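All of the numbers you see were taken from the coordinates with simple rules; none came from a lab. Since the model is a prediction, treat every value here as computed from it, not as a measurement. Note: ideal-geometry Cβ built from the backbone for every residue, glycine included; neighbour counts use all protein chains shown.
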Amino acid sequence: MNSCYKIQPSEVARSAQLAMILEVSASPKPGNIDRMHDFADTRYEHFLASATGVYPVFEKAASGKERIGELLKEAVVESNKWQKGGNTHFGAFLLLLPLAKAAGQLSQENETFDLEKTVERARWIVKHTDVEDSINFYQAFGKAGVCVQDVEDLDLNDSDSVTNLRKNQTSLFELMELSANYDMIAREWTHGFELCCRCSEQITDFMEEKGICTDINCS
């Protein structure tokens, strides 16, 4: 999208949808679902339905409404309404919701769309999460049916973790810091979305080189 363009909440939401659809459509992806490979209980179509169903949540994020934890939980609820294949885009929600919220805030401040500014604002947003975001994250995790390894502290599978979160007032950013050494998405949160930014530039360059950006919106 033209860097001088002031993006609207509906366009932010559709950009997030397109990103999720293109990501799951890439093939091959060893060990993951794509348009050519399904799992026994989760199919490519489940991912498409999930990306479609969460549109209102991303529009809400880009409109500046609600905090990240609330948005994440709502995204999981909406995703589950549209498909029964279990966890689809939970990781994508964690990465895209702060970016969507950031793009929306900048637009409301009459800033034009710019990747560097958007990532910088997303960094600020995740660093200013609080314990309620952490609790909503745990609740969303339970609804999404994500499979993770057990850990010693604040295990996502341990019902006592929410009590400990509230007792210690652990923010969602601080929670991500605990798992950043072994979880790629947590590392993105705590390292300023470095990989997202770099890959976005590389993918856009590739699509422009192939002429794809003349056919679809590459924002």
Using DSSP to define loop residues, name the chymotrypsin sites (Phe, Trp or Tyr not before Pro) in the stretch 3-94 whose beta-carbon has at most 14 other beta-carbon atoms within 10 Å. TYR5, PHE39
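Using +1 on the beta carbon of Lys and Arg, -1 on that of Asp and Glu, and nothing else charged, what's the dipole of the chain about the Cα centre, debye to 20? Mind showing how you got there, number by number?
Numbers: 22 positive and 35 negative charges, 112 e Å.
Value, rounded to 20: 540 debye.
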Mind listing which trypsin sites (Lys or Arg not before Pro) in the stretch 54-151 are in a DSSP loop and have 15 or fewer other Cβ atoms within 10 Å? LYS65, LYS84
Hey, what do the phi angles of the stretch 170-180 turn into as Karplus ³J(HN,Hα) couplings, whole Hz, using 6.51/-1.76/1.60 and θ = phi - 60°, x for Gly and Pro? 7, 6, 5, 5, 5, 5, 5, 4, 5, 10, 5
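Find out how many positive minus negative residues lie around CYS197, taking Lys and Arg as positive, Asp and Glu as negative, among other residues whose Cβ is under 15 Å from that of CYS197.
Neighbourhood net charge equals -2.
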For the chain, what is the calculated [θ] at 222 nm in deg cm²/dmol (nearest 500), taking -39500 (n - 2.57) for each run of four or more DSSP H residues and dividing by its residue count? -19500 deg cm²/dmol
Can you work out the Karplus-derived ³J(HN,Hα) for every residue in the stretch 33-42? Use 6.51 cos²θ - 1.76 cosθ + 1.60 with θ = phi - 60°, whole Hz, and x for glycine or proline. 6, 9, 5, 10, 9, 10, 9, 4, 10, 9
If exposed means GluC sites (Glu not before Pro) lying in a DSSP loop and surrounded by at most 12 other beta carbons within 10 Å, then the longest stretch of the chain lacking such sites spans residues 1-108
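In a shell of Cβ-Cβ distance under 12 Å around LYS117, excluding LYS117 itself, what net charge do Lys and Arg (+1) and Asp and Glu (-1) give?
-3
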Mind checking which of LEU195, CYS213, GLN169 is farthest towards the positive end of the stretch 9-214's charge dipole, using Cβ charges of +1 (Lys, Arg) and -1 (Asp, Glu) about the Cα centre? CYS213
Cβ-based net charge around GLY69, under 9 Å, with every Lys or Arg adding one and every Asp or Glu removing one: -3
Positive-end residue of PRO30, MET184, ALA19, charge dipole of the stretch 9-214 with Cβ unit charges: ALA19
In vacuo Debye scattering of the chain, one point per C-alpha: log10 I(q)/I(0) at q = 0.16 Å⁻¹? -1.17
